[in-house]
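Take a look at the structure below.
The numbers here are math on the coordinates, done by the rules we state, and not lab data. All values reported here derive from a predicted model rather than from experimental measurement. Don't worry about glycine lacking a Cβ; one is built from the backbone with ideal geometry, like all the others, and counts go over all protein chains shown.
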Amino acid sequence: MNSTPADPDSLWRRAAECVRTGDYANAVMTYRAIAEANPADPLGWFALSSAARAGGHFRLAVEHARSAALAMRESGRFAAVAELAQHLQNLGETRFATHIIERAGWSAVSAHADLAARLAQTLGQADRHADALQLLDLALARHAATPPLSYLRAITLRHLGRGAEASDEFERCLALAPDYAAAMLMLAQHDVRHHGAEQLARIRAALARDGLEPQQRAMLDYAHFIHLDAAGDTAAAWQALESGMRLKRASLAYDATAEQATFDALARLCDADFGSRRDGAADGGHTPVFVFGLPRSGTTVLERLLANHSRAATAGELNEFHHQLCWEANLATSEPADPRLLVAAPTFDFAALGRGYLLRTHWRAGGASHLIDKFPRNFLYAGLIHRALPQARMICLVRDPLDSCLSNLKELFAGDFYPYSYEPGETAAHIVRFHRLLAHWQTCMPGAVLAVRYEELVRDPAGVMRQVLDHCGLPFEPACTDLGRNQAPSATASSTQVREGLHARSIGAWRRYAQPLAAAQALLRAQLPAQAFSAD
């Protein structure tokens, strides 16, 4: 006589085996049985959500992640709070993520140093930097400092604009772990006072040690580049940068042909007819303002100037439009402009897409009439944004292509972000694609995307900001020309630089590396119009 095991342990084992073999449909079915048999246990709902996400079902993943958060809150079972909070954050459910962290209790969480660090990271991703610092300080008051805790505290202080304290904390981290590569890199990026001979010797000593992981060596190479560049030794600096770029590039699966296909698909999908349709969402209580461009092109500068306006608020770098696309397509993917999303796009209810974005973001506006979303990758979605949110305003920062090329190459981005940026030729080709797609947006959606030259912004902030504010439907306010006035946290790669105020020092910076950038320069000048380049 056959029998089906129904006890909880057997079900958990069966579900785990389904996940191991990639049978996500049966994993979802089995985890659903587990969750429904014990709905007060958050682990069942969490496992169900994770299996749904792995199987590509975004709506189920979100629905069951919310159920897990509610069960965790009601039951008080916070054993998996770090894992669930990060899962929620990855799904765009920021409020649920931060709520369960709060309900877990700062005091209880800080009793476990590793748990406190993980939750502080999630709070930082949610732009709750002050809360992250409070949690880290509680943990450090109860536990001996460790390099990861100290490093995370330094990063958080940097995001909060507390520069001197951040430098001191990076040094404390290095006192605990002299070879901590991430701290050396961040300190080099963060504080020019640490560009001396002693710090350079420290980096070289770390590079000379055996057994370095490629990721560690890449960080040290980039730190080495920063020091040599500051010292004016551009030949040696480029050698260090090349070494770091090679190591990082080897870790990435970047496919330039696939990227070109994605850009072509976006242009085909979002043509003039697509852009002229008006079937998006009606006014949702606030006007979305999308600020985008290539990374390190000045988007953070513009965002912070615009956020000085009395009627504007900023939400930082949101991935919410992408998450809402995933919801409409019921597709769990982290790939920007995933080809499957673009195939599904003609079937979307664009009014629902727009309403969903507005509902996701309205709480962040805090009563402001305009909410800034500064996620650079929203550039890819400009056509979809225009149709779903006809009231939205879009502003694209444009910088001299050669300065953009160098600024991208010399930045070691987190994870697999911007994988094109570790080889000059690939970076130049990406910049060409960017400019061509921007030209397409401006042709098929006249007036929808305001292109702002970085060089003009830093030289004539009042004139440029008048244009920007007029595009957004806002009256001019002098505060919008004062970068130093904005003391809000910043978690971008330029979080230190934006504290310095407006300056033109980086204009024409590529010329110092004209020789190693010669091939990239030839490609850019052959493929882009002369007016794309600065006269400097």
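Hey, with R₀ at 56 Å, roughly what FRET efficiency would Arg59 and Phe476 work out to, going by the Cβ-Cβ distance, to 0.05?
Efficiency computed from Cβ-Cβ geometry: 0.80.
Pull out a ≥ b ≥ c, the square roots of the eigenvalues of the alpha-carbon gyration tensor of region 256-532, then state rounded if a/c is under 1.5, prolate if not and a/b is larger than b/c, and oblate in the remaining case.
Oblate.
What is the Cα radius of gyration of region 81-229 over 2.2 N^0.38 Å, N being its residue count?
This ratio for region 81-229 stands at 1.12.
By how many nm would the segment from Arg436 to Gln215 lengthen if fully extended, with 0.36 nm per residue of separation less the alpha-carbon distance?
Here the segment from Arg436 to Gln215 would lengthen by 76.2 nm.
Working only with C-alpha atoms, what are the Rg and Dmax values of region 197-321, expressed in angstrom?
22.0, 62
With N denoting the number of residues in region 267-348, provide Rg(C-alpha) divided by 2.2 N^0.38 Å, to two decimal places.
For region 267-348, the normalised Cα radius of gyration comes out at 1.30.
On full extension of the chain, what length is gained from Asp114 through Asn38, given 0.36 nm per residue of separation minus the C-alpha to C-alpha distance?
24.5 nm
At 7 Å along Cα-to-Cβ for each site, give me the label-to-label distance between Met29 and His362 in nm.
Spacing of the two 7 Å Cα→Cβ label points: 4.0 nm.
If I model the chain as equal point scatterers sitting on the Cα atoms and use the Debye formula, what is log10 I(q)/I(0) at q = 0.13 Å⁻¹?
-1.50
P(r) for region 147-260: what percent of alpha-carbon pairs falls in each 5 Å bin, starting at zero?
2, 13, 20, 22, 18, 14, 7, 4, 2, 0
What FRET efficiency comes out for the pair Ala130/Ala530, r = Cβ-Cβ distance, R0 = 45 Å, nearest 0.05?
Plugging the Cβ-Cβ distance into 1/(1 + (r/R0)^6) gives 0.45.
FRET efficiency for Glu335 and Arg172, Cβ-Cβ distance as r, R0 = 51 Å, nearest 0.05?
Efficiency computed from Cβ-Cβ geometry: 0.85.
Just to be sure I understand the model, the point goes 7 Å from the Cα along the line to the Cβ. What's the resulting Glu74 to Arg103 distance in nm?
Distance between the two pseudo-spin positions: 0.9 nm.
Round to a whole angstrom and tell me the spacing of the C-alpha centers of region 419-449 and region 96-161.
Rounded to whole Å, the Cα centres lie 38 Å apart.
Give the Cα extents of region 94-153 along the principal axes, in whole Å, largest first.
Rounded to whole Å, the extents work out to 31, 21, 15 Å.
Each residue of region 392-403 in turn: what ³J(HN,Hα) in whole Hz from Karplus with 6.51, -1.76, 1.60 and θ = phi - 60°, glycine and Pro shown as x?
5, 10, 10, 10, 10, 7, 10, 10, 3, x, 6, 5
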